[in-house]
Amino acid sequence: MTKNFFLFFWRNLQKNKLFTFLNILGLALGFAGFILSYQYINRETGYDKWNANYDNIFLVGLTVHGQYTDQTAGTLAPAIEQNFPEVIRAGRRIDFFYGGYPVFGERTILVNKTTQVDSAAAHIFQVTSKTGPLYKSTEQEAATLVTQELADQLFPDDQSFDIPKKIPVVSIPMGIYEAIYGISEERLPSILDYDLLFIRDIHTGEGDPFTYQTFIQTEPGTNIHTLTEKINNLYQKEISKLDKARSSAYSNGQIYLDPLSNLHLRPKHGSNTPYLTVWLLGILSLVILSLAAANFVNVILAQADKRAKEIGLKKVFGGQRSTIALQFLFEVFCQCLLAAGIAFLLLLLTGNILAKWFQDDLIKNMLTLTTAKQLTLAILLTTLLSGVYPAFVLSGYQPVRMLKGGLQTNPQRLGFRNGLLIFQFVIATVFIAGALVVRGQIGYIRSSDKGFDTAQIITFKGVGMFYDNKLDGQFHGLKSRLLQDPNIASVSAMSNVPGVLSDLPPSKQFTYIDTEVEMDHINIDLEYFNTLGIETVQGKSTITFDQLLQDSTRHYAVINETAAKELGWTNTTQAKITGCDVDFTIIGIVKDSKTYGFENLVTPTLYSYKDECGPGHFKSALLVKTKEGKVKEAIQAAEREWAKNPSAESLPLEFEFLDQQYKQLHARQERLEQVLYGFTFLSIIIAALGLFSMSAYQINIRKKEMSIRKVLGASIIQLFVQLNKPFLKVIMIANLLAIPISYLLLKNWLNNFAYRVSFNPWVFVWVASAIVIILILSISYQSVKAARANPVDSLRDE
């Protein structure tokens, strides 16, 4: 039977080359979109799923004044492990500051992803070495691991770690050495992402306690709600009594537990936009596949009339309905299988183009078991969705009706096919509207005022080696030497580079009389606001260098407009704010700047000139603003200065451009824009294929009608209009249905941005115009051809 089914499939494929091509092309495009989307979705939702304890690992965080933070006290983890037997392990993690960590091996490397965990956290994240035992002796309490990539750079000739390799770090003259104990076993993707990992006991929070991430691993089946309450009671009784917490909002903080499954895409302390993007992408890929399936059904039904007599004859000679239906399903399955193969081939051939288009290499690991399972399921579902109706409906008609060609005049079938066409154009309309709105929002982000300058500014990493504590970390000597170069306009040092998500400023509690406000704290130098072009709203935004050195007992600071509003200030003259165990004298208010993007509202921020707030607040990066067109010369000047520092040794100078760093804040949204463009193109092509097949079918059955109209004097234009009227009605209905769907979806997406464009209703007029153009392009050739045809050819049989 299978052999006969295949012979029928091959024969019909040869007889109907055009429609078979349309069928398989539409499905191949749908499968290509599906595969590409789920490559991204599988990666983004696969973080840490390799961990055997994935469902039992949680981040312990705090809510302070209704705001979530992932920073907790260093004493919290050991206290949890000691008091609650249902917690197997409780560990801590802390990431190193922006700017890089210098490591001096056979080659000198500036390591950007450096993380420190205690032994409990290392067990929770199943950190192991692939070069032998992590701990070389029972007395060993600490270990340092590197990734394979970093090991290849540091130790290209010898990667045996029977004896740990001691290498200098931070700087050679300082004489600080680290023993590298091995190469870590690669388990990716993971939220514990590092190049250099220190495993050692983390101090319990002396100084600034709330700078740690705390993770716990619970026994399976633990009641998380009850455990959260128990940990919160422990925190209120013990941890919040720390000297640093007693006088701050942290003393009233509430504990929350966030599962490991949330931490990459929708952490409570961050944005859920990545999760919404993945969810939306999954829906869009299924919609595209459904669109392809609808087109498939339409094309099959367009061919069905040609096969009516074949089906009728099979029934006359004893063919069973189930056998005929099974034959249709087999043919659909074969076409789906062929389309999936073509989709794979298309993706492999266009891999480099797609990588540039989406700014992501999604084709790299395409041939996986997970992808194979998902594609198999998609093929089977598409076969059922596309084949069931044609198979069982067509196989159910009476043989006499089949042999007389009665299928052509069945109004129910025409209504169903119009419904499929409406569905296709509703989807295409939604995609086009989405592409336009997303483009408008991304354009708004690119062109609107951020509150600070990014052009002609270079960020230099690793400048901590030039740190001069005698001058309160102002890098005064380095900046003075750089400013002697005529190509450099200004230089500034700061603790947190604006626009870098991995370098978010820590939040601290500040008090003004009885008002307590949580603010981001950024440690800056005297040229910060000038370099970034941030405007002063009230007072002044800087002091002189002499003032900074002479008045060592005073701590000057500047706040932004949002902070002033939170405090209810109208005048900043010599106002004082307490925080970080010092009294800050506020000398001015500066304009709000969207330093961390458009998705979140600007947060209250305090800028200070000294290192008052301790670890995590030291200046670690340098901004150099160049004169117009002098970027290359400014970099060369910085490299010359870098080479003079003995601490730098052979360490290369690393830099980035601030405008490119800021652009990365919205990389996901820009990727979504590219994905939407791709899906919009696919939806238009698939909808156009459906329209083409439907018009071919309609024109074919109306040939005699058009011939009679032409004999009676109708012009070519009148015939063209007459042929296109039904399709214009379909397009109008599709637009009316798509408008509310588009509005609700896009309005909801725009609401993810604190700063956004207003929704422009003219979008729907532009979309309707685009759909009409697609209609004309899809059917004009066939319509004009039918209108110009010789009526004798159609009427000779009458």
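Being closer than 30 Å to TYR40 by Cβ and not assigned by TED's automatic domain parsing to the domain that holds LEU284 narrows it down to one residue among LEU719, LEU689; which is it?
Working: LEU719 fails: closer than 30 Å to TYR40 by Cβ.
The match here is LEU689.
Across region 557-571, what is the total count of residues that are closer than 13 Å to LEU606 by Cβ and either in contact with a Pro (Cβ under 9 Å, 6 or more places away or on another chain) or in a helix (DSSP H, G or I) (or both)? Working first, answer last.
Taking region 557-571 and keeping what is closer than 13 Å to LEU606 by Cβ, we get 557-564, 566-567, 569.
Now narrow it down to the ones that are either in contact with a Pro (Cβ under 9 Å, 6 or more places away or on another chain) or in a helix (DSSP H, G or I) (or both): 559-564, 566-567.
Residues flagged as closer than 13 Å to LEU606 by Cβ and either in contact with a Pro (Cβ under 9 Å, 6 or more places away or on another chain) or in a helix (DSSP H, G or I) (or both) within region 557-571 amount to 8.
Within 22 Å of the chain's Cα centre (by Cα) and either of a type in the set (Gly, Ala, Ser) or more than 22 Å from GLY597 (Cβ to Cβ) (or both): is that true of ALA688 in this structure? It is false that ALA688 is within 22 Å of the chain's Cα centre (by Cα) and either of a type in the set (Gly, Ala, Ser) or more than 22 Å from GLY597 (Cβ to Cβ) (or both).
Taken over region 50-83, the residue count meeting the criterion of being among the aromatic types (Phe, Trp, Tyr) and at pLDDT 95 or above is 1. Each residue in region 326-351 was checked for being without any contact (Cβ under 8 Å) to a residue 24 or more places away in the chain and part of a helix (DSSP H, G or I), and 5 pass.
Checking the stated criteria, ALA151 turns out not to satisfy the condition of being modelled with pLDDT of 80 or more and surrounded by fewer than 18 Cβ atoms within 10 Å (Cβ to Cβ). Being in contact with a Lys or Arg (Cβ under 7 Å, 6 or more places away or on another chain) and either modelled with pLDDT of 80 or more or within 21 Å of ASN112 (Cβ to Cβ) (or both) is a property that holds for ILE183. Only one of the numbered conditions (1) out of contact with any Ser or Thr (no Cβ under 7 Å at 6 or more places or on another chain); (2) modelled with pLDDT of 85 or more; (3) hydrophobic (A, V, I, L, M, F, W, C); (4) in a loop (DSSP other than H, G, I, E, B) is not met by ILE635, and that is (4). Please work out if ILE731 is crowded, with 20+ Cβ neighbours inside 10 Å and modelled with pLDDT of 80 or more. Judged against the criteria, ILE731 is a match. Is it the case, given these coordinates, that PHE416 is at pLDDT below 80, over 27 Å from ASN112 (Cβ atoms) and part of a helix (DSSP H, G or I)? For PHE416, the condition - at pLDDT below 80, over 27 Å from ASN112 (Cβ atoms) and part of a helix (DSSP H, G or I) - is met. Checked against (1) modelled with pLDDT of 90 or more; (2) farther than 30 Å from SER37 by Cα; (3) polar (S, T, N, Q), SER261 passes all but condition (2). Of the numbered criteria (1) surrounded by fewer than 21 Cβ atoms within 10 Å (Cβ to Cβ); (2) in a loop (DSSP other than H, G, I, E, B); (3) modelled with pLDDT of 80 or more, the one GLU141 fails is (3). Can you confirm whether ASP48 is of a type in the set (Asp, Glu) and in a loop (DSSP other than H, G, I, E, B)? Spelling it out, ASP48 is indeed of a type in the set (Asp, Glu) and in a loop (DSSP other than H, G, I, E, B). In region 529-555, of all residues being under 15 Å from MET494 (Cα atoms) and in contact with a Leu (Cβ under 8 Å, 6 or more places away or on another chain), the one that is modelled with the lowest pLDDT corresponds to THR542. When GLN674 is tested against (1) in a helix (DSSP H, G or I); (2) modelled with pLDDT under 80, only condition (2) is not met.
Does ILE771 fit the bill of being of a type in the set (Val, Ile, Thr) and closer than 22 Å to VAL437 by Cβ? So ILE771 fits the description; yes. For the structure I just gave you, tell me whether GLN116 is at pLDDT 75 or above and either closer than 24 Å to VAL60 by Cβ or over 29 Å from the mean Cα position of the chain (by Cα) (or both). In short, yes.
The values are calculated or read from the model by the stated rules, or taken from the named source; none is laboratory data. If you're wondering where the values come from, they're calculated on a predicted model, not measured in any experiment. All Cβ positions, glycine included, derive from the backbone under ideal geometry; neighbour counts span all protein chains shown.
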